[in-house]
1. Suppose we filter Gly117, Gly84, Gly92, Gly63 for residues that are at positive phi and modelled with pLDDT of 90 or more; which single one remains?
2. Take segment 316-347 and flag every residue that is touching a Leu at 6+ places or on another chain (Cβ under 8 Å) and among the β-branched types (Val, Ile, Thr).
3. State which residue is surrounded by the fewest Cβ atoms within 10 Å (Cβ to Cβ) when the search covers only segment 321-334 and only residues that are in a helix (DSSP H, G or I) and touching a strand residue (DSSP E or B) at 6+ places or on another chain (Cβ under 7 Å).
4. Do any strands (runs of 3 or more DSSP E) entirely within segment 335-414 hold 1 or more residues that are in contact with a Pro (Cβ under 7 Å, 6 or more places away or on another chain), and if so, which?
5. Look at Ala133 and say whether it is assigned by TED's automatic domain parsing to the domain that holds Asp303 and closer than 17 Å to Glu164 by Cβ.
6. Could you check, for segment 13-32, whether at least one of its residues is among the basic types (Lys, Arg), more than 25 Å from the chain's Cα centre (by Cα), at pLDDT 85 or above and in a loop (DSSP other than H, G, I, E, B)?
Amino acid sequence: MPFDGYDTGCFYDEMFEADGSPRASARLLFERISSVGDAELRRYQQAAEQALFRMGITFNVYGDEAGTEKIFPFDIIPRIVPAGEWTQIDRGLRQRVHALNLFIDDIYHHQKILNDGVIPRDLILSAKSFREACIGLKPPKGTWCHITGTDLVRHNDGQYYVLEDNLRCPSGVSYVLENREIMKRTFPQIFDRSNVRPVGDYPSHLLRMLQDIAPPGVAAPTVALLTPGIYNSAYFEHSFLAKFMGVELVEGRDLVVMNGYVMMRTTKGFERVDVIYRRVDDDFLDPLTFRADSLLGVPGIMDVYRAGRVAMANAPGTGIADDKVIYAYVPKIIKYYLGEDPILPNVPTYVCWDDAECRYVIENLDKFVVKAANESGGYGMLVGPHSTAEQRETFKEAITANPRNYIAQPTLAL
């Protein structure tokens, strides 16, 4: 694949320096790609996509009339993150998750950050993801968020930015693991010679963490993964992780609360469950505590959790830190709880809750990416530069009707 005439444009290119020479970390990859033709590279791409489909590595797209199952997008050209950059990312993510755990615990206990006026109290109390039922909860070892999906982007300045935080039921790691396996088959020599850090041990690390939060006195905890079922967009991941952790994959109908414990129906009768890796959102987790019409959860499970007889990851209530309006305050959250400046900065964010910022956003909808506070997966979003006048008018009306529910961010040169 010839690179003659390749122009990095206004973007930060992970493979090439501004003068067109390959970066040191990408030299092996550059040499390998340069040695194959366009047709061969396309065959690699097609073979990878076919492998993904055969292996069932798909996700569901709600409301897509063309079909519900799609393979996860795959780029045959790997993105290389040098060790030094990864060290910085690792430090930044640890700092951020630590601060968010302290924030969630504070919100459901003493609310010091609200009393000190760092975050407006009404902003928290008006959040859809704030759960009054979680006030006073004490998760095992004081940890609310055990698994986090943090979206990172890189701007043309070369800086990594946090685009959003996902702390409720973060999804996507199974695609990372399978992507890596296919990439290793495609470029085996590059992986061998570049000392690429492994990711294949993720399921074993996840299992150890889940076992570690089991109720006190349980020497050999039984772990189960709770899924909404086969129609959920991330069901492939649920089954994938359950398989590689060696734990049961269960739906709400497979579990029942008996004598103060969560029990699992098996062919040999009921078996106690000690730890649940839940992939069911708070709303549907327990119809006796949250949505009464839920058929996905387990009636009474919150009472067992409060009593410390079952552990759940992530803890109920973590969604308060998922709120995209709260995201705008994360730099202040880090400073408040840790006394540190963020290692990984936020993308500049306008909060429509603020009257002045709201007016500015509405006047410049064609320049911003506008997001609803509690949506994910690209839903409830307006990409201003690629929107129509009709779409912008629809969002203008929505923002005016409920400014608390929207933020806006500039488009980035990714």
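1. Step by step, each of Gly117, Gly84, Gly92, Gly63 is checked, and only Gly117 is at positive phi and modelled with pLDDT of 90 or more.
2. Thr318, Val325, Ile326, Val330, Ile333, Val347
3. Once the filter is applied, the top-ranked residue is Pro331.
4. On the way: elements: 368-372, 381-383, 406-410.
Answer list for segment 335-414: 368-372, 406-410.
5. Considered against the rule, which asks whether it is assigned by TED's automatic domain parsing to the domain that holds Asp303 and closer than 17 Å to Glu164 by Cβ, Ala133 comes out as no.
6. yes
This table checks each residue for (1) of a type in the set (A, V, I, L, M); (2) at pLDDT 95 or above; (3) more than 24 Å from Asn101 (Cβ to Cβ).
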position: Arg278; (1), (2), (3): no, yes, no
position: Phe284; (1), (2), (3): no, yes, no
position: Phe290; (1), (2), (3): no, yes, no
position: Val298; (1), (2), (3): yes, yes, yes
position: Val304; (1), (2), (3): yes, yes, no
position: Ala307; (1), (2), (3): yes, yes, no
position: Ala313; (1), (2), (3): yes, yes, no
position: Pro316; (1), (2), (3): no, yes, no
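Per-residue answers, yes or no, for (1) under 19 Å from the mean Cα position of the chain (by Cα); (2) over 30 Å from Phe72 (Cβ atoms); (3) basic (Lys, Arg):
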residue	(1), (2), (3)
Val218	no, yes, no
Thr227	yes, no, no
Asp254	no, no, no
Val257	no, yes, no
Val262	no, yes, no
Phe270	no, yes, no
Arg279	yes, no, yes
Arg306	no, yes, yes
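The values are calculated or read from the model by the stated rules, or taken from the named source; none is laboratory data. Everything numeric in this text was worked out from a predicted model, so none of it was measured. For neighbour counting, all protein chains shown are included, and Cβ atoms are generated from backbone atoms with ideal geometry for every residue, glycine included.
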